[in-house]
Amino acid sequence: MGQRKKPEGGEKKKLRGSAFQREFLLFLILFFIIWLLSYFLTRRLPGFVDWTIMAVTREVAYFLELLGYNFTMSGPSLTFHTAHGGENLVVVSECTGLYTTIIYLSIIGAYPARIGEKLIGVAIGVPAIHALNLVRMVFISLVLYHRRELFDFFHGYLWQVGFVIFMLLLVIVWMSKIVKPAPAGAPQ
Amino acid sequence: MSENTNEGSVRGAAAHEVLFFFLRLIGASIVLYLIYYFLVGKPYVQFIALLAKPILSVFGYPIIMTEAARITEDIALNPFVFLSLVAATLHVSWRVKLRGAGIGLVILALANTLTVTLVFVSNYRNSEAWWTGTELLNLTNNFFLPILLWLVLLPIRSAFSFFRDRNA
């Protein structure tokens, strides 16, 4: 009595597997809770979304001005005066990187890691997503200015495919470089 | 000291693994995006619009195929993100990859069909609540579902050393 047999071989693997499944399920539940709450918060705060749209528009305008491009800005809309006529770029909420940032934060928030590690993830990830979004916006503005026919092609790839890849890169780098495995049996 | 050296080399190997995974991912995504843009995109968009037609009729609304195709064009890139992730993953047999890719593509097609249906329902009902739900579903489908399916349908834990080390 009192002498419990240590799980071995297949049994150990099975235990590890079920622990992982529990951890993964908990991650998914937490992810969706954070994602839903944050998304609904943005719906309740339309002023904040408008502010991010204007901030991104102003930043894109700043860089285009720096590069010497000819355009006018009216609210969240940039009109480029190109050789082939006027081209209009309207910045909407999806162009701000806000939702990608929220999804990234939901992943970081739901993943089993220490608070300090999560804060490092936020401190690195949020500015990185914002910077990438700015590069993307300036780049597609230049495509619209010079090669209008390629706009849809680059917009599609850089908006969705590029963003998912970059977000995943940030998450994996954070998981592999910042998050340290918890010592066996220790709660996180 | 030897433990530190060992840990350092493990971390270095993990960094290489992550770097090469992302290089493969970018390569695969560019190839697949070109295939989508020039070959598969239009038929896929029409296929999703056709799938949405009977579901929309359950709600008693007609589908406008040109509009459905336009909406699908904006939301239908997630299969290519998912396939790029599958293609870039090493140390997983082709059989497992094909099985995972097949199941994932079916799920993503259904998710995209649901989104197209909800866009039409939201539009016909002119309801803010339906639009909110549709946008939420669309964002989840585009930015999280491909990653989730990749994690669930492929044995990712055994494909990456840092996951293996975490769970050892």
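Read-outs throughout are calculated quantities, based only on the coordinates presented, and are distinct from any laboratory measurement. As the structure is a computational prediction, the values presented were derived from the model and not from experiment. With ideal geometry, Cβ positions are generated from the backbone for all residues, glycine too; neighbour counts draw on all protein chains shown.
Quick notes on this structure:
- Here the extension length gained between B:SER161 and B:LEU39 equals 40.3 nm, from 0.36 nm per residue of separation less the Cα-Cα distance.
- In summary, the convex hull built on the alpha carbon positions of chain B has an orientation-averaged projected area of 11.9 nm².
- Karplus (6.51, -1.76, 1.60) ³J(HN,Hα), θ = phi - 60°, over the stretch A:110-127, in Hz, Gly and Pro reported as x: 8, 6, x, 8, 6, 4, x, 5, 5, 5, 5, x, 5, 5, 7, x, 4, x
- Our coupling estimate for the stretch B:49-57, obtained by passing each phi through the Karplus curve with A = 6.51, B = -1.76, C = 1.60 and θ = phi - 60°, is 4, 5, 5, 6, 4, x, 5, 5, 5 Hz, Gly and Pro reported as x.
- Ranked by how many other Cβ atoms sit within 10 Å of their own Cβ, fewest first, the residues A:MET54, A:MET137 fall in the order A:MET54, A:MET137.
- As a proxy for reagent exposure, ranking B:VAL106, A:VAL126 by other Cβ atoms within 10 Å from fewest up yields B:VAL106, A:VAL126.
- Axis angle, to the nearest 10 degrees, between helix B:2-35 and the longest C-alpha principal axis of chain B: 30 degrees.
- Approximate spin-label separation A:TRP51-B:VAL96, in nm, with each point projected 7 Å along Cα-to-Cβ: 4.7 nm
- Enclosed volume per residue, in Å³, of the convex hull spanned by Cα atoms of the stretch A:110-188: 80 Å³
- Here the stretch A:83-151 yields Rg over Rh of 1.18, to two decimals, using C-alpha coordinates and the Kirkwood radius.
- Shape summary: chain A maps onto an equivalent ellipsoid whose semi-axes, from the alpha-carbon gyration tensor, are 45, 17, 13 Å in decreasing order.
- Listed by Cβ neighbour count within 10 Å, with the fewest neighbours leading, B:GLU73, A:GLU23 appear as A:GLU23, B:GLU73.
- Counting only alpha carbon atoms, the long axis of helix A:46-66 and the longest principal axis of chain A meet at about 60°.
- Most mobile listed residue (B:ASN123, B:ASN141, B:ASN78) in chain B, GNM with C-alpha springs under 10 Å: B:ASN123
- Here the convex hull built on the C-alpha positions of the protein assembly as shown has a volume of 192 cubic angstrom per residue.
- Gaussian network model of chain B, Cα within-10 Å springs - most flexible of B:ARG157, B:ARG70, B:ARG95: B:ARG95
- Secondary-structure-derived ellipticity at 222 nm for the protein assembly as shown, considering helices only, amounts to -25000 deg cm²/dmol, per-run term -39500 (n - 2.57) for DSSP H runs with n ≥ 4.
- In this rough spin-label picture, where each label sits 7 Å from Cα along the Cβ direction, the A:LEU25-B:ASN123 distance is 4.0 nm.
- A Förster distance of 35 Å, applied to the separation of the beta-carbon atoms of A:ALA123 and A:ALA83, puts the FRET efficiency at 0.20.
- Near A:THR100, once Lys and Arg are set to +1 and Asp and Glu to -1 for all other residues with Cβ below 13 Å from its Cβ, the sum equals 0.
- Cut-off under 5 Å, modelled amide H: who pairs with B:TYR61 long-range: none
- Taking one quarter of the surface of the convex hull spanned by the alpha-carbon atoms of the stretch B:40-119 gives a direction-averaged projected area of 5.3 nm².
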